[in-house]
Amino acid sequence: MAEQLALLPEYLSAHVQLTLLALLCSAALSLPLGIAVTRVRWLEQPVLGLAAVIQTIPSLALLAVMVPLLASMRLQSIGFLPAFIGLTLYGVLPILRNTVTGIAGVDPALREAARGVGMTSRQQLWRVELPLALPVIVAGLRTATVWTVGIATLSTPVGATSLGNYIFSGLQTRNYAAVLVGCLASAGLAMVLDGLVRTVEVGLRTRRRRLVGAAATVTAGLYLYTVVTLAAPLFSDAARPVMVGAKGFTEQYILASLLDQWVERETGRPAAQMQSLGSTVAFDALAAGDIDIYVDYSGTLWAHLMGRTTVGGDRATVLAEVRAFLAEQHGIEVVATLGFENAYAVAARTADAETMGWTRISDLVPLGPTLSMGGDFEFFSRPEWTSIRDTYGLTLSNQRTMDAALMYEAIAEGAVDLISAYTTDGRISAYDLRVLEDDRGAIPPYDAVVLVGARLVRDWPDVLAALRQLDGAIDAETMRTMNLQVDVEGADPTTVATAFIDNWTATP
Amino acid sequence: MIELQHLTKQYGDQVAVRDLSLEVGDGELLVLLGGSGCGKTTTLKMINRLVEPSAGVVRVGGDDVSQLAPHELRRRVGYAFQQVGLFPHMTVGDNIGITPTLLGWSPDAIRRRVDELLTLVELDPDTIRDRDPAQLSGGQQQRVGVARALAAKPRVMLLDEPFGALDPLTRGRLQDSFIRIRRDLGVTAVFVTHDMVEALRLGDRIAVLDKGRLVQIGTPRTLMREPADDSVRQLLDTPRREARLVDDLLSDGTGT
């Protein structure tokens, strides 16, 4: 718990930055737009319709779709910007809708009275319509505030630090203390910000200047803090840290921490991590220079990036082709091969395998139509699955997509008969599963490789040299043990990585 | 002071006011009298351009109002609404001072004017000034409404059934106050009502409207003596008819 709380200032501060700036921009967009809509009636349907459509996009998807969109415009596509834009769009509807409703709801008799006493249309708006619509507008602002704080936790997969870092990594590594800290902190933040908006409104409505002043001062202070902390890196001379990326599963958290610590130890350069990135987001981030290092797998790059649909032969061949492709197309270097494969595999309960006599995937084919299989979010849409299905002629009764962390629970409880396991996953033995042999070579090799971006290659030869030392440092058994320590025994990924380095450097 | 020339207002096929011409002299109070939907309120609102006429000309103090900016015109013409229309988010004082505020008077001058007007409409400035409109009774609100209409010292005042929603006793007291205020200020006014007694008490002249047309215009005495047609006769006979009804009831009660 203590090590989780130590991360709170960083995560909370990033969360506040994101939320406050996004809310400010949501309000700056939707208030004038809402006012315009009440003046130009034909705008109402298209504008509110568009805002509603944005709202129906699932929030995680809205944030994720910003990544390729921004990349196509050659803007920062990972980190603060995509999260900020997504959140801003999300906050527009509640404020916009309530502005329109609030102004439209002003008693027509009062509107006529405003004209009757000699107000211009602008004075009518500022002196009568907006003050009377204020409670409704503020209600919209409060809705937007609470939503934005909540949805900001989904910024983690697009590379923006937030309280979501607790939740994403906590769920993957079964660290429920971290999940709890993340949830409580974001709920607390939502309540504080909501209370602040409410206080301003009550103060305005009851004409208590001192109350408004106090709440406005706190708000202004928060914004000042946000702007200063966001702008500080732009003016500081400190070297940018070496950024290590991690996708959102246990092995990646351990390896990112390991690389982070290793670089700091060997070169003395500060290093930092960007965690829980989406699978393709991580590669894009490396190509764009938002991160400098991360670990990927040769088979994943082969299938996804190079678009190969065939299984490309042995480990060495695939590795060589991937290496050449990355260097030519993206200026990315494969600096080390860690020494283990984390392949997709088909796993069954050991008890079933023994009863049925399953040792190979071929053995499943006759019973296929009676079996159900669980896969992670990607598996059934990946070329590996197509390859398994077509190579073996395997048909199943049911394919269910679920979170990787829950997949193991599902097979243990008998909800599915097979799962798409990862070969280095500690949970294979922990849950008493058996990996079935890919006897017809349908699954490509998945060598874990350390990738580095063009800038690191150019600017930081010492980091490059340090990383080269890791070539062949981790075998499959070691990786499986480390994963097991986190997933099953509840150890912290950082602690596991530290232990590995200590142990590895101690043995000559 | 006010001239209406061939004023017409159409909403689609519906004619609300048809070819209406009349004049209101300086310091005169003209009552527009008629039943619901006769076009009296529409006529009133065309004078300060809350409603734009379909045809015809309105002159206030000699100026064609279509040539004035609407908000400038309305700051020169006091308006008291049937629903009062006090702004609920402002104090009574701020409501009364709104037109002077829009005209850029100094805060001091506004404060003095507000107190003067509250006294004029027989409310105590010190207890009423800083209250919210919602804290006042209906009669008090309507007094404030009249004060607001008078705030910028207009020479012309328009009143749209200002006492219509009040109980008879309160209405009577407000009429008394209004007669006195008008005598003190000598302001020109157009007063819309459907209440015969009110029309007879307040009006220097009465214009009877029916289905958007001016049926007859004249002093109360002229209308009583020489009604233009049966409808005017019946309308003017209402107070007497009501009084007879009351008499009958009384004699019935004492006779047996």
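All of A:118, A:140 fail the test of being of a type outside the set (Lys, Arg), more than 10 Å from chain B (Cβ to nearest Cβ) and surrounded by 19 or more Cβ atoms within 10 Å (Cβ to Cβ), apart from A:140. Taking first residues from the range A:408-436 that are within 12 Å of residue A:488 (Cα to Cα) and partners that are assigned to a helix (DSSP H, G or I) and among the basic types (Lys, Arg), the Cβ contacts under 6 Å between residues at least 6 apart in sequence or on separate chains come to A:408/A:427; A:426/A:480. Among (1) closer than 20 Å to residue A:334 by Cβ; (2) in contact with a Gly (Cβ under 9 Å, 6 or more places away or on another chain), where does residue A:459 come up short? Against the list (1) closer than 20 Å to residue A:334 by Cβ; (2) in contact with a Gly (Cβ under 9 Å, 6 or more places away or on another chain), residue A:459 comes up short only on (2). Taking the range B:118-150 on its own, how many of its residues are in a helix (DSSP H, G or I), under 12 Å from residue B:95 (Cβ atoms), within 14 Å of chain A (Cβ to nearest Cβ) and not β-branched (Val, Ile, Thr)? The number of residues fulfilling the criteria is 7.
Only strands (runs of 3 or more DSSP E) whose full extent lies in the range B:1-115 are considered here, and the ones with at least 3 residues that are more than 10 Å from chain A (Cβ to nearest Cβ) and either acidic (Asp, Glu) or surrounded by fewer than 14 Cβ atoms within 10 Å (Cβ to Cβ) (or both) are B:2-11, B:14-24.
Quick check, is residue A:109 part of a helix (DSSP H, G or I), modelled with pLDDT of 85 or more, in contact with a strand residue (DSSP E or B) (Cβ under 8 Å, 6 or more places away or on another chain) and not basic (Lys, Arg)? Taking the combined requirement at face value, the residue satisfies it. If I ask for residues that are more than 29 Å from residue A:167 (Cβ to Cβ), assigned to a helix (DSSP H, G or I) and hydrophobic (A, V, I, L, M, F, W, C), which ones from the range A:367-411 would you list? Passing the criteria: A:367, A:388. Counting only strands (runs of 3 or more DSSP E) that sit completely within the range A:412-508, those holding 3 or more residues that are under 14 Å from residue A:345 (Cβ atoms) and not acidic (Asp, Glu) correspond to A:418-422, A:433-436. On the stretch given as the range B:151-179, residues that are without any contact (Cβ under 8 Å) to a residue 60 or more places away in the chain and more than 14 Å from chain A (Cβ to nearest Cβ) total 15.
Against the numbered list (1) under 18 Å from the mean Cα position of the chain (by Cα); (2) at pLDDT below 85, residue B:235 comes up short only at (1).
Could you check, for the range A:73-91, whether at least one of its residues is out of contact with any Leu (no Cβ under 8 Å at 6 or more places or on another chain), in a helix (DSSP H, G or I) and surrounded by fewer than 24 Cβ atoms within 10 Å (Cβ to Cβ)? Checked against the condition, which is being out of contact with any Leu (no Cβ under 8 Å at 6 or more places or on another chain), in a helix (DSSP H, G or I) and surrounded by fewer than 24 Cβ atoms within 10 Å (Cβ to Cβ), the range A:73-91 yields no hits at all. Assess whether residue A:179 counts as being touching a Ser or Thr at 6+ places or on another chain (Cβ under 8 Å), part of a helix (DSSP H, G or I) and either crowded, with 16+ Cβ neighbours inside 10 Å or without any contact (Cβ under 8 Å) to a residue 12 or more places away in the chain (or both). So residue A:179 does not fit the description; no. Whether any residue in the range A:218-232 is closer than 30 Å to residue A:483 by Cα, outside the structural domain of residue A:291 (by TED's automatic domain parsing) and within 25 Å of the chain's Cα centre (by Cα) is what I want to check. No - not one qualifying residue is present in the range A:218-232.
Identify, please: which residue in the range A:206-219 is in contact with a helix residue (DSSP H, G or I) (Cβ under 7 Å, 6 or more places away or on another chain) and surrounded by fewer than 18 Cβ atoms within 10 Å (Cβ to Cβ) and is, among those, farthest from residue A:91 (Cα to Cα)? Filtering the range A:206-219 for residues that are in contact with a helix residue (DSSP H, G or I) (Cβ under 7 Å, 6 or more places away or on another chain) and surrounded by fewer than 18 Cβ atoms within 10 Å (Cβ to Cβ), the one farthest from residue A:91 (Cα to Cα) comes out as A:211. Within the option set B:178, B:163, being part of a helix (DSSP H, G or I), at pLDDT 85 or above and closer than 30 Å to residue B:53 by Cα holds for one residue only, B:178. With respect to the conditions (1) surrounded by 17 or more Cβ atoms within 10 Å (Cβ to Cβ); (2) of a type in the set (Lys, Arg); (3) farther than 20 Å from residue A:142 by Cα, residue A:97 falls short on a single one, namely (3). Comparison of A:169, A:162 shows that the only residue that is crowded, with 19+ Cβ neighbours inside 10 Å, among the polar types (S, T, N, Q), modelled with pLDDT under 90 and part of a helix (DSSP H, G or I) is A:169. Would you check if residue B:232 is on the phi < 0 side of the Ramachandran plot, in contact with a Ser or Thr (Cβ under 9 Å, 6 or more places away or on another chain) and either hydroxyl-bearing (Ser, Thr, Tyr) or surrounded by 15 or more Cβ atoms within 10 Å (Cβ to Cβ) (or both)? Considered against the rule, which asks whether it is on the phi < 0 side of the Ramachandran plot, in contact with a Ser or Thr (Cβ under 9 Å, 6 or more places away or on another chain) and either hydroxyl-bearing (Ser, Thr, Tyr) or surrounded by 15 or more Cβ atoms within 10 Å (Cβ to Cβ) (or both), residue B:232 comes out as no.
Entry remark, the range A:468-505: residues being surrounded by 13 or more Cβ atoms within 10 Å (Cβ to Cβ), over 19 Å from residue A:171 (Cα atoms) and touching a Lys or Arg at 6+ places or on another chain (Cβ under 9 Å) number 1 in total.
Counting only residues that are in contact with a strand residue (DSSP E or B) (Cβ under 7 Å, 6 or more places away or on another chain) and under 27 Å from residue A:466 (Cβ atoms), the range A:323-369 holds 13 of them. Among the residues of the range A:199-216, just one is modelled with pLDDT of 85 or more and either among the polar types (S, T, N, Q) or not in a helix (DSSP H, G or I) (or both), namely A:199.
Across the range A:268-278, not a single residue is classified as in a strand (DSSP E or B), among the hydrophobic types (A, V, I, L, M, F, W, C), at pLDDT 80 or above and within 14 Å of residue A:332 (Cα to Cα). Which one of these is touching a Gly at 6+ places or on another chain (Cβ under 7 Å), within 14 Å of another protein chain (Cβ to nearest Cβ), free of Cβ contacts under 8 Å to residues at least 60 places away in the same chain and over 27 Å from residue A:200 (Cβ atoms): A:109, A:133? Criteria check complete, one pass: A:109. Tally up the residues in the range A:251-304 that are polar (S, T, N, Q), under 14 Å from the mean Cα position of the chain (by Cα) and within 16 Å of residue A:493 (Cα to Cα), please. Residues meeting the conditions: 4.
The values are calculated or read from the model by the stated rules, or taken from the named source; none is laboratory data. All values reported here derive from a predicted model rather than from experimental measurement. In this analysis, Cβ positions are derived from the backbone assuming ideal geometry, glycine residues included, and neighbour counts consider all displayed protein chains.
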